[in-house]
Structure formats: C-alpha cells, structure tokens
Amino acid sequence: MSDEHLNLTLRIWRQDGPEDRGAFRNYQLDNVSPHMSFLEMLDVLNEQLIASSEEPVEFDHDCREGICGMCSLMINGQAHGPDRATTTCQLHMRRFNNGDTISIEPWRATAFPVVRDLVVDRSAFDRVIGSGGYVSVNTGNAPDGNAIPIPGTTQEVAMDAAACIGCGACVAACKNASAMLFVSAKVSQMAVLPQGRTERTERVLGMVAQMDKEGFGSCTNTSECEAACPAEISVEHIARLNREYARAALTAR
Amino acid sequence: MKCPTYSSWFRERRLDAVCQILRLPAVMLSQIPGIGPVVKAASTTVGQKILMAITGLLLCGFLVTHLAGNLLLYAGAKQFNHYAESLHSWGILLNVAEVGLFTLFMAHIGLACSTHAMNRQARRSQYTQKESKQEPMALPSGGASGWMFVTGVIIAFFLVVHITDMRLKKNPFIDYSPAYQNGPEAGPDEFVAVRLVLTNWTAIAYVIGLLALGIHLSHGFRSALQTLGVNHPRWNRLLEIISLLFAWTITLGFLSLVTWAAMTSGTSN
Ligand code: HEM
Ligand code: FES
C-alpha cells in the first residue's frame, strides 16, 4: 500500500438549515494521509475551515467504529462510500486516488429532512421502533437463559436481523426511499423468536402504519438496500415482513 | 433561504393530490365491516404491493393461456379457427371473463400509479449523483427492476393497440376485408385476421410491446414471489432462473408468431 499523500477536491453539500435550499461547494484539501478514515479527513477539512474563519461542515458521527449507525454520507453517489459492508467511519482514504474529486451529499428522503449540511434527522426510525419494535417483559429476576429452547439456526436468523445499526443507508440507496429493509430487520429479529411472537400481530401492523405515516416509499425488490447495508442485512427479511403483514392483516382481531 | 417557486409548490401539491385520489377506492372499501381491516391493510405500501403481486401473477396466468391458445396458429387455419369458435361459443361467460381481465389490468395499473406516486413523494429532492452498489449482474434480470413503470406504460399502450387491432378489428391502417369472405353472417375468419394484423407495418407495436413485457416480467415474476413472502436462501437462485425463463419463454413464444406471420406472408393456407 502506498503512503503517498492525496490532494483532493471535495464537492460538499452546504445547507444552512432545514428551510435553506442548499448548494454544493468545492474545497481543496491537500496532503491527506491515505491511512485516515473518511471522517478524520473531514475533521482535517474543518480545522482548515475554522482556521480561515469559515463555518465548518456539519456531519453526523459518534462511535467511529461501525456500530452506532450515526455516520451517514452519500459519497460519490453511494451510501457510506464505495465499499460493501462498511460504514463511512470505517472507510479509509486509501480507497481514493490522488487528484480525485469526491462528492459528498446527505441522505435524501422526505422522511429524513436535512438539519444542516450533511446532517439529517432520522428520528422517523425511532418513531417506527416506538410503534412496535420491542418486546414487553416482566421486570424482576432475569429469566433462565435456556428456559425456552431455540434452535441454533433460528438464533442465527434473529442475530443477522439484529445486526441492523439503523443508519438509514437502505433508505438512502433505495430509488423509492423505502425503509423496508430497516423495518423488516426490526420485525424479523423478534418474529422468529418465541419471546417476540406474543406481540407479532400488533408489531407488524403498527410498524408498517408508522413507516407509511413517516412518508417512506414502497419496495420494488431491487435489492439495492441489501448491497448498501453496512450490516449486510438480507432482503430475505423483507419477504418475512411481507408474510408477517399478510398474516396479521387477515387474522388481527 | 427557501423560496419555493410557484411551479415547485404546485408540483408537490399535485403529487399529494394524486396520492389522495388513488387511495380513495381503498379508503371507501375500508368502511365495509369484516373485510374493512383487510382493506385498510391493503391500502398501506406493503398491502398495495401484495395486491400488485397478486394481480401481476394472475395476469401472468392469463398470458400462459393466451399464448397456449395462440400457438394453435402453427397448427393451421382449421384448428385455430376451431379454437376461436369454441371460445366465442362461451357467450356471456366470455364477456364475464373479459370484464374480469379488464378489472385485473385496471387494478394492476391503478396500484402501479399509486405506488409510483408514493415513491416519488418519498424522495422530493434528488441526488446529484447516484451509483449502484450491486454487482452488475447481481440479479439475473439485470437492471429490469428500475424499468417497471416505464415498461408497464409501454405494455399499457400496446394493449390499446392490440385490442383495437385484434378484438375490435378497427386498425385504420388495415383492410380487414379478406377476413370477411365467408359472408356477412359467418363473422370474421380469425386466422386470416391475425395474419393481416401481424404482417402489417403496425405489427412493430407488437415487437416493442412484447420486448417491454419480457423486461417487465424478468423482474416482475420473481418480485411478485418475494412480495408474497417467498424467499429461502436454498431456493432463491432457482426461483430467479425460473422467473427469467418464464419471462422470456412467454415473450419469445409470442414474438415467434410475429416472425412466423412475416415469414409466411404471401403463402395462404
Ligand atoms: C400483461 C401485462 C402485465 C403483467 C403480466 C404484469 C406483471 C407484473 C408482475 C408479476 C409484477 C410484480 C409485482 C410485485 O413485485 O409486487 C408487476 C409489477 C409492476 N407492474 Fe406489471 N404487469 C403487466 C402490466 C403492467 C402495466 C400495463 C403496468 C402499467 C403501468 C404495469 C406496471 C407495473 C409496476 C409499476 C410494477 C411494480 C414495480 C414495483 O415493484 O414498484 N404492469 N407486474
Ligand atoms: S460513527 Fe458510529 S457507525 Fe459510523
């Protein structure tokens, strides 16, 4: 791997607030180490902007290790940049070449309004979770871990769904700005386990109703979400959501 | 600062209005007791897609019977006309079937417009740059999923041409008189009529319409199964291949009739 430093042109979306129309602005950033993460590169840019008394670029981040799902950037037209199974914070500058122009946009969806620059408001996801993405349990002593036998393969399916970090890349990448991959992961992780079955009917009806209310689109089964998902959630869960939904619609009392 | 132009304001309101109007039938039906909750569920994004998948698959079923009947053209005028006559002898039942088919198309197209409008609503400002992260051939249907509405609209236009041509026999560019040689009482000779239509230059609409159908179904068939919940890692690859085979068997089956008519034009049997 080359240690050659990169000189980059950054084409970044700047928007003063939700009501502002926003526009792209170009910034020149020189001498970028290829070992930096993408977010560190933006930190360096912001240092440079602050030094020249300009407003730094607002962007979301928290853990910077791929688990919180806060970082959310459309990099050269791809959610979280060019790599598969990678969040923006895990993306390294060695993926780019000296002299590149890198275009950086916020997630674009009616349900994810831009707060400022590259920061979007993803609280729509929280409201979807609040409308059914939970199990009700009794407080008190923790129940015996193996009281209810669950086959290993079933646990795997639930764990694969539970890997969703709620970053919104599925919505960002979908041509319909559909949240089906996110919602299906949150429905699946509980629908396949006995503990989650109790509330399965209200869960799927409630979460789909909220998903629509937030203004996400419908699913064309393009599978672009699966390719963009840093947690590699499979569209298999979307099929399960559809099954759960049909069952609930026909049998709910 | 935001200064929405009048036209952009109008465009957004218009989209909202379209969505509202397209939802109306479902909203009204949802008042019926018993099926009310089902209808209500059917008007959500997931419910609408499930209905689309059901109507789409029923239309696929129609295509199979339609192609099977039409392949009798290869058996010759006698067999084909016999088939046409036995269909017509259904009388009122045939009309009922036609109305059913028409309803399926209208439902499918109505849902297509409704979901399309919702999807447009869901992303009001577009990306300036958007790239796919999928392997180019991740799905055997290639990029067909991005063309469902466009190919659907082409199919809808083709349907209008097709019904004017074959069912109503009113294509202004075609002289249908050779099909009416058996006297005014006997009705048209369907075999002759089909060949008249398919050898006319307007048959180009058939080629375009059928290619659009092939693209539509190469994604549509598998997509409908997924929408109805059919997905299993062990079977997915096979299902994708079967869908692709289905789509292009139907398409090439119909297209072969166009080629056959063109190649045998001038000969009579
Ligand atoms: C012979 C005629 C047709 C057949 C057999 C057919 C079949 C299908 C099938 C099986 C699907 C997949 C359903 C799903 O994934 O939920 C589909 C989807 C679709 N069809 Fe058709 N269709 C036909 C005509 C049309 C027409 C006339 C339109 C008019 C606009 C149309 C527009 C669409 C759209 C927009 C989709 C869904 C794309 C999406 O998933 O967002 N189709 N069709
Ligand atoms: S900052 Fe937490 S996942 Fe990227």
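The values are calculated or read from the model by the stated rules, or taken from the named source; none is laboratory data. Everything quoted here is computed from the prediction, not taken from an experiment. For neighbour counting, all protein chains shown are included, and Cβ atoms are generated from backbone atoms with ideal geometry for every residue, glycine included.
The one condition from (1) under 23 Å from B:Gln121 (Cα atoms); (2) free of Cβ contacts under 8 Å to residues at least 60 places away in the same chain that A:Ala109 does not meet is (2).
Report yes if some residue within the stretch A:214-231 is free of Cβ contacts under 8 Å to residues at least 24 places away in the same chain and within 16 Å of ligand 1 (Cβ to nearest atom); otherwise report no. Looking through the stretch A:214-231, at least one residue is free of Cβ contacts under 8 Å to residues at least 24 places away in the same chain and within 16 Å of ligand 1 (Cβ to nearest atom). As for the stretch B:97-114, it holds no residue that is more than 10 Å from ligand 1 (Cβ to nearest atom), within 12 Å of chain A (Cβ to nearest Cβ), at pLDDT below 95 and on the phi < 0 side of the Ramachandran plot.
This table checks each residue for (1) within 9 Å of ligand 1 (Cβ to nearest atom); (2) in contact with a Gly (Cβ under 9 Å, 6 or more places away or on another chain); (3) of a type in the set (S, T, N, Q).
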| position | (1), (2), (3) |
| --- | --- |
| B:Val46 | no, no, no |
| B:Leu67 | no, yes, no |
| B:Ala75 | no, no, no |
| B:Ser89 | no, no, yes |
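Evaluation of B:Ser145 against the conditions (1) without any contact (Cβ under 8 Å) to a residue 24 or more places away in the chain; (2) within 12 Å of chain A (Cβ to nearest Cβ) shows that the sole unmet condition is (1).
Scanning the stretch A:133-187 for residues that are under 20 Å from A:Thr198 (Cα atoms) and of a type in the set (Gly, Ala, Ser) yields A:Gly133, A:Ser136, A:Gly140, A:Ala142, A:Gly145, A:Ala147, A:Ala158, A:Ala161, A:Ala162, A:Ser184, A:Ala185. Does A:Asn141 qualify as being within 30 Å of A:His35 (Cβ to Cβ) and assigned to a loop (DSSP other than H, G, I, E, B)? It is false that A:Asn141 is within 30 Å of A:His35 (Cβ to Cβ) and assigned to a loop (DSSP other than H, G, I, E, B).
For A:Cys225, state whether it is touching a Ser or Thr at 6+ places or on another chain (Cβ under 9 Å), within 16 Å of ligand 2 (Cβ to nearest atom) and not in a loop (DSSP other than H, G, I, E, B). Considered against the rule, which asks whether it is touching a Ser or Thr at 6+ places or on another chain (Cβ under 9 Å), within 16 Å of ligand 2 (Cβ to nearest atom) and not in a loop (DSSP other than H, G, I, E, B), A:Cys225 comes out as no.
Taking the conditions (1) surrounded by 16 or more Cβ atoms within 10 Å (Cβ to Cβ); (2) aromatic (Phe, Trp, Tyr); (3) more than 16 Å from ligand 1 (Cβ to nearest atom) in turn, B:Trp147 satisfies each one other than (3).
For the stretch A:213-244, the candidate set comprises residues that are surrounded by 20 or more Cβ atoms within 10 Å (Cβ to Cβ), more than 19 Å from B:Arg222 (Cβ to Cβ) and at the interface with chain B (Cβ under 7 Å from one of its Cβ atoms); within that set, the residue that is nearest to the chain's Cα centre (by Cα) is A:Ala228.
In the set (1) more than 14 Å from chain A (Cβ to nearest Cβ); (2) buried (at least 17 other Cβ atoms within 10 Å of the Cβ); (3) more than 16 Å from the chain's Cα centre (by Cα); (4) not acidic (Asp, Glu), B:Ile241 fails one condition alone, (2). Might you check whether a residue that is touching a Ser or Thr at 6+ places or on another chain (Cβ under 7 Å), not in a helix (DSSP H, G or I) and not assigned by TED's automatic domain parsing to the domain that holds A:Leu73 occurs anywhere in the stretch A:149-167? Checked the stretch A:149-167: at least one residue is touching a Ser or Thr at 6+ places or on another chain (Cβ under 7 Å), not in a helix (DSSP H, G or I) and not assigned by TED's automatic domain parsing to the domain that holds A:Leu73. Listed by position, the strands (runs of 3 or more DSSP E) contained in the stretch A:1-117 that have at least 3 residues being surrounded by fewer than 16 Cβ atoms within 10 Å (Cβ to Cβ) are A:23-32. Screening the candidates B:Gly56, B:Gly61, B:Gly47 for the property of being modelled with pLDDT of 95 or more and within 14 Å of chain A (Cβ to nearest Cβ) yields one hit, B:Gly56. The test for being under 13 Å from B:Thr44 (Cα atoms), within 10 Å of chain B (Cβ to nearest Cβ), touching a helix residue (DSSP H, G or I) at 6+ places or on another chain (Cβ under 8 Å) and more than 16 Å from ligand 1 (Cβ to nearest atom) holds for A:Leu205. Once the stretch A:166-196 is narrowed to residues that are more than 20 Å from B:Arg124 (Cα to Cα) and within 11 Å of chain B (Cβ to nearest Cβ), the residue that is nearest to the chain's Cα centre (by Cα) is A:Val183.
Of all residues in the stretch B:211-224, those being away from every other protein chain (no Cβ under 14 Å) and either near ligand 1 (Cβ under 10 Å from one of its atoms) or charged (D, E, K, R) (or both) number 2. The test for being away from ligand 2 (no atom under 16 Å from the Cβ) and in contact with a Leu (Cβ under 9 Å, 6 or more places away or on another chain) holds for A:Asp100.
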